[in-house]
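Report on one structure; see the data block that follows.
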Amino acid sequence: MDQLASHFQSHIAELNHRVAEIVSRENLSGLVIHSGQPHRQFLDDLDYPFKVNPHFKAWLPILDNPHCWLLVNGRDKPQLIFYRPVDFWHKVAELPSAFWAEHVDIKLLTKADKVADLLPNDIGQWAYIGEHLDVAEVLGFKMRNPDAVMSYLHYHRASKTEYELVCMRKSNEIAVKGHIAARNAFFNGGSEFEIQQEYLTATNQGENEVPYGNIIALNENASILHYTKLEHLRPDTRRSFLIDAGANFSGYASDITRTYAFEKNIFSELIAAMDKLQLEIVAMMRPGVKYVDLHIATHQKIAKILVEFDIASGDPQDLVDQGITSVFFPHGLGHMLGLQVHDMGGFLHDERGTHIAAPDAHPFLRCTRTLATNQVLTIEPGLYIIDSLLNELKLDARKSVVNWKTVDLLRPFGGIRIEDNVIVHADRNENMTRDCGLD
């Protein structure tokens, strides 16, 4: 906590600087950032798990308290309206006393519908930032999530402060503990559900605390990109294991993927080749490099692996140009990471919101930014046997370049994905995931 406290003041100063710039540019008095409200389940008296507005937790690590508000104008000390009701049904949030509390002026709100009493009188000159536009309208906000403000904040969110980098190193450290426990559970014979429980126990985080639904896939299930079913039964034959799982720390996410073979075979050799490829792409990261170029370089390297392992034949560049590599690697290389797993701003060319679309040949790429210092991104190349995509390939002349016997051999293993979380520095890359001890 000492390290967090030492960097927090400069973190708040940077956020204030950004707000001062955009409210001056847009002629606003300031921003009112809403933590959010619970969502009631349909025809029930229970709420869905609360997820805080990422713009709110950018300022303060308050992750589980709805009905809070933050008033910022870039000049004055931020004001926190902290929701603390009188409630004998639920546990009430403690009064803020952590290292960050001294950096905000705190007002207590005991009834959520009385927040108007604590908001500025000239509310029409303030912009609402949050999800609940109907609430904002009732409160008198004329400007709700204005495009210029959102684009500016999302663009600059890609540049992490030292405080944020400390949080993200910690979230990687926590997730790596879970990955090691999950790997051991796989080799010890656990089911998907049992592996998940080992992961959560090791990270000390529940299913609603981790940043996304973990992907715990055995055998053929590893070919399903967003597999979250979690089979309770142990498979008769144990071949492969793909885990895509992260952790949260103070609102910042990690997102890590590993793939394992149960025995030494062609699939274990393919994993080693993909691991080498992944590290080569990480080594190419530096300020000024376009993320799209890294993605295309990944396809070129995957094409060589397809030829090397007799999955496909021909010139590697032709395999890329014909879209063969996209059948085996259909998703993007990765994405920005931070307050959200797929952090905002990945397609923004500038702070005014100019959009750079993914190339037509790679529609699922989630980032088209040019890399810059203090950005954090995932690098996650993959190689899968996905029958729905391969069946389309069989319908045209391209089927002749695929060795279907090798495809049949690999099908029971599902697929491979290897993902690290990397900080771009001016003179080096910091692979947080590997630095935390996950090979």
Subset of the stretch 138-181 [of a type in the set (Asp, Glu) and either in contact with a Lys or Arg (Cβ under 7 Å, 6 or more places away or on another chain) or open to solvent by less than 60 Å² (accessible area, probe 1.4 Å) (or both)]: Glu164
Within the stretch 233-258, tally of residues that are open to solvent by 10 Å² or more (accessible area, probe 1.4 Å) and more than 25 Å from Lys160 (Cα to Cα): 7
Test set (1) more than 19 Å from Leu153 (Cα to Cα); (2) part of a loop (DSSP other than H, G, I, E, B); (3) touching a Pro at 6+ places or on another chain (Cβ under 7 Å) - Asp87 fails condition number: (3)
Residue ranges of strands (runs of 3 or more DSSP E) in the stretch 177-263 with at least 1 members touching a strand residue (DSSP E or B) at 6+ places or on another chain (Cβ under 7 Å) and of a type in the set (Phe, Trp, Tyr): 240-245, 256-261
The stretch 50-77: number of residues that are more than 27 Å from the chain's Cα centre (by Cα) and open to solvent by less than 60 Å² (accessible area, probe 1.4 Å): 2
Thr433 vs. criteria more than 24 Å from Phe262 (Cβ to Cβ), hydroxyl-bearing (Ser, Thr, Tyr) and crowded, with 21+ Cβ neighbours inside 10 Å: no
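Let's see how each residue does on (1) within 22 Å of the chain's Cα centre (by Cα); (2) surrounded by 17 or more Cβ atoms within 10 Å (Cβ to Cβ); (3) acidic (Asp, Glu):
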| site | (1), (2), (3) |
| --- | --- |
| Ser268 | no, no, no |
| Met285 | yes, yes, no |
| Lys290 | yes, no, no |
| Glu308 | no, no, yes |
| Leu319 | no, yes, no |
| Phe328 | no, yes, no |
| Gly338 | yes, yes, no |
| Met344 | yes, yes, no |
Lone qualifier among Lys107, Lys114, Lys77 - being in a loop (DSSP other than H, G, I, E, B) and of a type outside the set (A, V, I, L, M): Lys77
Looking only at the stretch 273-302, and only at residues there that are touching a residue at least 60 places away in the same chain (Cβ under 8 Å) and of a type in the set (S, T, N, Q), the one that is farthest from Glu419 (Cα to Cα): Thr298
Output for the stretch 124-137, where each listed residue is aliphatic (A, V, I, L, M), open to solvent by 20 Å² or more (accessible area, probe 1.4 Å) and in contact (Cβ under 8 Å) with a residue 24 or more places away in the chain: Val135
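The values are calculated or read from the model by the stated rules, or taken from the named source; none is laboratory data. What you are looking at is a predicted structure, and each value in this text was computed from that prediction instead of being measured. Don't worry about glycine lacking a Cβ; one is built from the backbone with ideal geometry, like all the others, and counts go over all protein chains shown. To get the accessible areas, we keep the full protein, side chains included, count just its heavy atoms, and leave off ligands, DNA and RNA. Shrake-Rupley method; radii C 1.70, N 1.55, O 1.52, S 1.80 Å.
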